[in-house]
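Structure record follows, encoded as structure tokens.
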Amino acid sequence: MPSLIPDFATLERRLAGLPVVKHRAREVVLTAGSQTGGLLFLRSGTVEVVKDGVQIASVNAPGSVFGEQAALLDQPHTADVRTLEQSEFYVADATAILASDPTVALYIAAILARRLDAANRWLVAVKHQVQAGEPPSVIGKAVEKVEELLSYGGRDPTGW
């Protein structure tokens, strides 16, 4: 049975007609608290995701998407996204592409489902660590991983 989850090559064919924006290293791409209404799909480069002044992820996987939580929840962006090196993004109007292209919607749904699944597994691990009396430093590292997964963890859904 074929997978419902599109791979990045399939997604990239869908995105090929979209505008591509280039950002130099150390440029802010999205700002926490702003509302852009857009989705950014990493075409190339490396970015960092920063929440409350703390880097929660460094991302270089083509197809990684930014702005999906804000778009789906109709709220401002929850983190800053900054380039670490020159980077290129496909730029889409979130409402238009999610409403008109099921491939893109499935791709983003898969990313979110995998993120939630991984966070759930880590949450179970944290609970086991607490029950086993692990030191706070060990538990703290696991909690940070859960936070990272829930806050971003945005990878190509086939790349987990």
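Structure values in brief
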{"item": "Number of positions in the range 129-142 that are in a helix (DSSP H, G or I) and either open to solvent by 50 Å² or more (accessible area, probe 1.4 Å) or on the phi > 0 side of the Ramachandran plot (or both)", "result": "6"}
{"item": "Leading residue by the ranking (modelled with the highest pLDDT) among those in the range 24-61 that are buried (at least 18 other Cβ atoms within 10 Å of the Cβ) and not in a strand (DSSP E or B)", "result": "GLY45"}
{"item": "Subset of the range 1-16 that is in a loop (DSSP other than H, G, I, E, B) and open to solvent by less than 80 Å² (accessible area, probe 1.4 Å) - its residue that is modelled with the highest pLDDT", "result": "ALA16"}
{"item": "In the range 98-112, the residues that are part of a helix (DSSP H, G or I) and either at pLDDT below 85 or open to solvent by less than 70 Å² (accessible area, probe 1.4 Å) (or both)", "result": "LEU98, THR103, VAL104, ALA105, TYR107, ILE108, ALA109, ALA110, ILE111, LEU112"}
{"item": "Residues of the range 113-128 satisfying the condition of being within 24 Å of ASN60 (Cα to Cα) and buried (at least 17 other Cβ atoms within 10 Å of the Cβ)", "result": "ARG114, ARG115, ALA118, ALA119, TRP122"}
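The values are calculated or read from the model by the stated rules, or taken from the named source; none is laboratory data. Computed from a predicted model, the values in this text were never measured in an experiment. Positions of Cβ are generated from backbone atoms using ideal geometry, with glycine treated the same way; all protein chains shown enter the neighbour counts. Just the protein is used for accessible areas: all its heavy atoms, side chains included, with ligands, DNA and RNA removed. Shrake-Rupley method; radii C 1.70, N 1.55, O 1.52, S 1.80 Å.
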